[in-house]
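Working notes, structure below.
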């Protein structure tokens, strides 16, 4: 663990409570820049992003998830979509979107911001799509809640490297 | 672009030619550590990794892809699998694996190593699975070629942020 990159990767945690402080425009732009520079198969960049700052709209979004407190607490949510008009291989494109999201989480963390990657919310992606009036080609894959950390969760747990390594051949 | 994280995210490129220098064990362990600390839905960690260093095995692997030169040039390849016994939601799990891969690419880059995320190779994932004698629950999602950069490709191209942002509502 000898450089900032690895430290940030290691120390990033899901933040579920945020302060009232609103991140400035530049910080959010930096996060979107990070998302934009993720790799993708054939460089197809299958991602689209919707930045939600308006309190009423975020409140409306929060009704679609069991984690409504997180969405309400965060001053900003970024809705992450796959653009099915651009997608050429769903497996590869979903991995690319995961890479793009991870860039956002790491970039936010490196700026002192906290994030929570909300996955459960996509159980109701069709209703949210209607609520946000998204184009038909867009499919919601995640919502990222962003703000200044209002809690300080413990470091997470992971399986040991030994359990993750495939031996043989 | 004011910190190392964002610089690394912005400057990382796919490396397709590598020098003969073999990365040391610690560098590869650091990359696997980075992979291990990615976020996943319900923290299910659906990823497994196989590190290929043996020249003969890498040569054998290279036969399954149009990009055989890259696999042959890189002193190390990491095969990335989804563990379907652990997977609970394929969409979310593929995004988690994408996040884990991006952690590897960024960690490698921060150490001066180059990587190439090979996606096309999964067109023949069933044959490769047999070749590597992988357990039935494992499904190959990518191969990451790793080594010291032997070329210096131009910075890639991306759509403008404007094109990626969803407006409306």
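Any read-out appearing in this document is the output of simple, stated calculations on the displayed coordinates, not a laboratory observation. Small disclaimer: the values here were computed from a predicted structure and weren't measured. Cβ placement follows ideal geometry from the backbone for every residue including glycine, while neighbour counts extend to all protein chains displayed.
May I ask you to derive the relative contact order of chain B, considering only C-alpha pairs under 8 Å and at least 6 residues apart, and to give it as an integer percent?
Details: 267 pairs, mean separation 59.2, N = 169.
About 35 percent, as a whole number.
Here r is the Cβ-Cβ distance between residue A:57 and residue B:162 and R0 is 25 Å; the resulting FRET efficiency, rounded to 0.05, is 0.75. Taking every C-alpha pair closer than 8 Å and separated by at least 6 residues, the mean separation divided by the residue count of region B:1-100 gives a relative contact order of 37 percent. On a C-alpha basis, how far is the centre of region B:1-68 from the centre of region A:1-59 in Å? Whole number, if you could? If you average the Cα positions of each part, the centres end up 22 Å apart.
The share of alpha-carbon pairs in the protein assembly as shown lying farther apart than 24 Å comes to 52%. Within the listed set B:95, B:104, B:141, the Gaussian network model of chain B (springs between alpha-carbon atoms below 10 Å) gives the highest mean-square fluctuation for B:95. Taking only Cα atoms and a 10 Å spring cutoff, compute GNM fluctuations for chain A and point out the largest among A:21, A:45, A:102. Evaluated over chain A, the most mobile residue of the options is A:21. Modelled spin-label separation between residue A:127 and residue B:85, with each label point placed 7 Å from Cα along the Cα-to-Cβ direction: 3.6 nm. With a ≥ b ≥ c taken as the square roots of the eigenvalues of the C-alpha gyration tensor of chain A, please select rounded if a/c is under 1.5 and otherwise prolate if a/b is larger than b/c or oblate if it is not? In terms of gyration-tensor shape, oblate. GNM remark for chain A: springs join alpha carbons under 10 Å apart, and the peak mean-square fluctuation among A:148, A:88, A:67 falls on A:88.
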